[in-house]
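Undergrad: There's a structure below that I have some questions on.
Read-outs throughout are calculated quantities, based only on the coordinates presented, and are distinct from any laboratory measurement. Keep in mind that this is a model prediction, so the values were computed, not measured. Cβ placement follows ideal geometry from the backbone for every residue including glycine, while neighbour counts extend to all protein chains displayed.
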Amino acid sequence: MYTLPELTYDYTALGPYISGDIMKLHHGRHHQTYIDKLNAALDDEPELNDIALPELLGRQDVPLAIRNHGGGHYNHTLFWQWMAPQSGGEPTGDLARFIEQKYSSFQAFTDVFSSRANNVFGSGWVWLLPDMEIITTSNQDTPMLLGRAEPILGLDVWEHAYYLDYKNVRADYIKAWWELLTGISLKSDSVVYLCSAQLIRIVAPSAFSACLKTKYPLLAGALFSALRFTEPANMPK
Ligand SMILES: [Fe+2]
């Protein structure tokens, strides 16, 4: 039985960027409805109750009600955590480094992300994945449905997320949302994923070895030995 997650901030706390009226409807009504309908759908499919939601949402064979309402619950649960009052600013650490590697700067990244968000047709989401790719999904579909990893950042561009405050001007909502950004970071499995992706693509062996050696020195040693992987001479120490 899924339940509505409590926010760590008041409905009015995200003003002036997102109003209390929107938060009350968005969290208290829309998110609650996704949960109610997800629970009802799972009542009809008891064999699916023990499967973790991210795994369930990656399956192509789940009933549409679970895909839609389960996605609605999963996506919004994360979305609330990526916002906070008096936030904004740039990520630090590994995430900042990987964003800069891929997009050259955080500002360039936000420009691409915002453009993709603004161009989502109809209702949907824009995501940043652990491999630093930006993708979009329709309705409440998750990246996992596309066979991708769980997102590390996402923006809800359904009209219910902004219409009361910004009417049809989605771009203004997107611009304001960056002022609330908080708490995005790479999980340790994301670092492994990134390292692996870089190895498989063989596009940045030095980045791969530096990355893995920093985070998982024992694993790196064993892997380099097994693969007879030679560290590039210019690898950062
Ligand atoms: Fe939403």
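Undergrad: Can you pull out every residue in the range 140-184 that is in contact with a Phe, Trp or Tyr (Cβ under 6 Å, 6 or more places away or on another chain), within 12 Å of the ligand (Cβ to nearest atom) and in a loop (DSSP other than H, G, I, E, B)?
TA: TYR162
Undergrad: Can you tell me which of (1) of a type outside the set (D, E, K, R); (2) loosely packed, with under 14 Cβ neighbours inside 10 Å; (3) within 16 Å of the ligand (Cβ to nearest atom) is the one GLN60 doesn't meet?
TA: If we test GLN60 against (1) of a type outside the set (D, E, K, R); (2) loosely packed, with under 14 Cβ neighbours inside 10 Å; (3) within 16 Å of the ligand (Cβ to nearest atom), just (3) comes out false.
Undergrad: Now for a different question. Out of everything in the range 83-98 that is surrounded by fewer than 19 Cβ atoms within 10 Å (Cβ to Cβ) and of a type in the set (A, V, I, L, M, F, W, C), what residue ends up being nearest to the ligand (Cβ to nearest atom)?
TA: Across the range 83-98, the extreme among qualifying residues is ALA84.
Undergrad: On the basis of being in contact with a strand residue (DSSP E or B) (Cβ under 9 Å, 6 or more places away or on another chain), under 19 Å from TRP80 (Cα atoms) and surrounded by 15 or more Cβ atoms within 10 Å (Cβ to Cβ), does LEU145 make the cut?
TA: Answer is no for this residue.
Undergrad: Looking only at the range 120-139, filter to residues that are touching a strand residue (DSSP E or B) at 6+ places or on another chain (Cβ under 9 Å) and away from the ligand (no atom under 15 Å from the Cβ); which one of those is farthest from HIS69 (Cα to Cα)?
TA: Looking at residues that are touching a strand residue (DSSP E or B) at 6+ places or on another chain (Cβ under 9 Å) and away from the ligand (no atom under 15 Å from the Cβ), I get GLU133.
Undergrad: Consider THR136 against the criteria (1) outside any helix (DSSP H, G or I); (2) in contact (Cβ under 8 Å) with a residue 24 or more places away in the chain; (3) under 12 Å from the mean Cα position of the chain (by Cα): it satisfies all of them except one. Which criterion is unmet?
TA: Among (1) outside any helix (DSSP H, G or I); (2) in contact (Cβ under 8 Å) with a residue 24 or more places away in the chain; (3) under 12 Å from the mean Cα position of the chain (by Cα), the lone unmet condition for THR136 is (2).
Undergrad: Now, a different point. Before we move on, is GLY72 surrounded by 17 or more Cβ atoms within 10 Å (Cβ to Cβ), part of a loop (DSSP other than H, G, I, E, B) and in contact (Cβ under 8 Å) with a residue 40 or more places away in the chain?
TA: Criteria not met by GLY72.
Undergrad: Determine which member of the set THR3, THR33, THR12 is more than 14 Å from the ligand (Cβ to nearest atom), part of a helix (DSSP H, G or I) and among the β-branched types (Val, Ile, Thr).
TA: Being more than 14 Å from the ligand (Cβ to nearest atom), part of a helix (DSSP H, G or I) and among the β-branched types (Val, Ile, Thr) holds for just one of THR3, THR33, THR12, which is THR12.
Undergrad: Which one of these does SER114 not meet: (1) under 22 Å from GLU150 (Cα atoms); (2) within 16 Å of the ligand (Cβ to nearest atom)?
TA: For SER114, the exception is condition (2).
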